[in-house]
Amino acid sequence: MQTFPSLSRLKLVGVAVCLLPLACSNDAPAADDEELEPWQQAEKTQVWDPEPRTVTARPGEPPSDAIVLFDGSDLNQWETTDGEPAQWTLNDDGSMTVKPGTGGIQTKQAFCDVQLHVEWRAPTVIEEGMDGQNRGNSGVFLQQRYEVQVLDSYNNRTYANGQAASIYKQHIPLVNAMRPTGEWQDYDIIFQAPRFTGQGDVDSPAHITVLHNGVLVQNHVEVKGTTAWIGEPSYESHDCAPLYLQDHGDLVSFRNIWIREL
Ligand code: MG
């Protein structure tokens with residue numbers, strides 16, 4: 001049984017198509033292609049430029065082109081929303097912890113499209129009333145607006161679009177990838193910022209991909225607007241903006257925060 005048209009037949013079809021105006025393209029097989037060796041034909045679809053620049057990435061370390069936002073030594077990259085020095089607690093183990101009541105902290109630098117790595121840990125001491133949204137609640141807000149929920153969702157049921165690694169009140173995580181309470185959790189986030197027209201309308205919405213402890217939990221989901229606790233989210237036009245970590249009153253800790261501008 002003949003599965004493929006013969007080469008000579010293909011050539012005839014190619015010639016026939018090329019007789020039509022605008023139908024010829026550089027992709028059409030050249031008449032003499034069949035005289036080339038396979039490796040020569042294969043070379044025709046190789047692309048050599050641009051050459052990707054080199055980035056080194058060792059296990060457990062930020063990639064060489066990452067901006068290290070927090071490595072445990074200081075809070076110099078962070079400030080309050082009023083532009084005052086960040087008040088969160090710097091710990092001896094290379095982490096920092098929310099100081100409830102002092103407010104969230106944000107980067108001094110603004111970001112657009114990014115790859116972000118954050119490690120966080122919920123407090124191990126669970127007192128009465130610390131359940132649902134009141135257990136290890138914080139948040140990673142891209143561009144100060146779009147929250148990837150931080151919550152101790154280990155054996156702690158709450159509404160699914162508000163549990164750990166949800167895009168808060170917008171997208172339920174694909175799975176619950178929580179490690180036990182008190183263990184460090186990893187978020188690796190790829191964020192594509194929204195684009196706005198000159199008139200302030202949404203040209204293209206934001207998209208987020210999240211891996212929680214290496215497990216895909218948000219797969220390029222469309223962000224519907226600024227995170228809202230009450231009501232439907234909507235967009236407001238904005239430029240590149242800081243990364244913001246939430247003070248929700250719980251003693252959540254963070255460490256090893258780095259970001260790559262895309
Ligand atoms: Mg939160």
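The values are calculated or read from the model by the stated rules, or taken from the named source; none is laboratory data. Just so we're clear, the structure is a prediction, and the values are computed from it rather than from any experiment. With ideal geometry, Cβ positions are generated from the backbone for all residues, glycine too; neighbour counts draw on all protein chains shown. Note: areas computed on protein heavy atoms with side chains; ligands, DNA, RNA excluded. Shrake-Rupley method; radii C 1.70, N 1.55, O 1.52, S 1.80 Å.
Can you name the condition, by its number, that N219 falls short on among (1) surrounded by fewer than 19 Cβ atoms within 10 Å (Cβ to Cβ); (2) of a type outside the set (V, I, T); (3) more than 15 Å from the chain's Cα centre (by Cα)?
Every listed condition holds for N219 apart from (3).
Got a number for residues in the stretch 158-175 being in a loop (DSSP other than H, G, I, E, B) and either within 16 Å of the ligand (Cβ to nearest atom) or open to solvent by less than 20 Å² (accessible area, probe 1.4 Å) (or both)?
Going through the stretch 158-175, the residues in a loop (DSSP other than H, G, I, E, B) turn out to be 158-159, 163-166, 168-170, 172-175.
From what's left, either within 16 Å of the ligand (Cβ to nearest atom) or open to solvent by less than 20 Å² (accessible area, probe 1.4 Å) (or both): 158-159, 163-166, 168-170, 172-173.
Counting residues in the stretch 158-175 that are in a loop (DSSP other than H, G, I, E, B) and either within 16 Å of the ligand (Cβ to nearest atom) or open to solvent by less than 20 Å² (accessible area, probe 1.4 Å) (or both) gives 11.
Looking at P180, is it more than 15 Å from the ligand (Cβ to nearest atom), within 15 Å of the chain's Cα centre (by Cα), closer than 24 Å to S95 by Cα and open to solvent by less than 60 Å² (accessible area, probe 1.4 Å)? Explain how you work it out, then say what you get.
Details: more than 15 Å from the ligand (Cβ to nearest atom): yes; within 15 Å of the chain's Cα centre (by Cα): no; closer than 24 Å to S95 by Cα: yes; open to solvent by less than 60 Å² (accessible area, probe 1.4 Å): yes.
In short, no.
Quick check on the stretch 238-256: of everything there that is within 13 Å of the ligand (Cβ to nearest atom) and over 18 Å from the mean Cα position of the chain (by Cα), which residue is most open to solvent (accessible area, probe 1.4 Å)?
Ranking the candidates gives H248 first.
For the stretch 123-163, give me each residue that is hydrophobic (A, V, I, L, M, F, W, C) and over 21 Å from the mean Cα position of the chain (by Cα).
Matches in the stretch 123-163: V125, I126, M130.
One residue is enough: does the stretch 136-144 have a residue meeting the conditions away from the ligand (no atom under 13 Å from the Cβ), more than 20 Å from W229 (Cβ to Cβ), open to solvent by less than 20 Å² (accessible area, probe 1.4 Å) and polar (S, T, N, Q)?
no
When residues of the stretch 145-157 are filtered for being over 20 Å from I190 (Cβ atoms) and open to solvent by 10 Å² or more (accessible area, probe 1.4 Å), how many remain? Give the steps one after another, and end with the answer.
In the first step, residues of the stretch 145-157 are kept if they are over 20 Å from I190 (Cβ atoms); the result is 151-157.
Okay, now just the ones that are also open to solvent by 10 Å² or more (accessible area, probe 1.4 Å), so 154-157.
The total comes to 4.
Report, by residue number, each residue of the stretch 222-234 that is more than 15 Å from the ligand (Cβ to nearest atom) and buried (at least 18 other Cβ atoms within 10 Å of the Cβ).
Listed by number, the residues that qualify are V223, K224.
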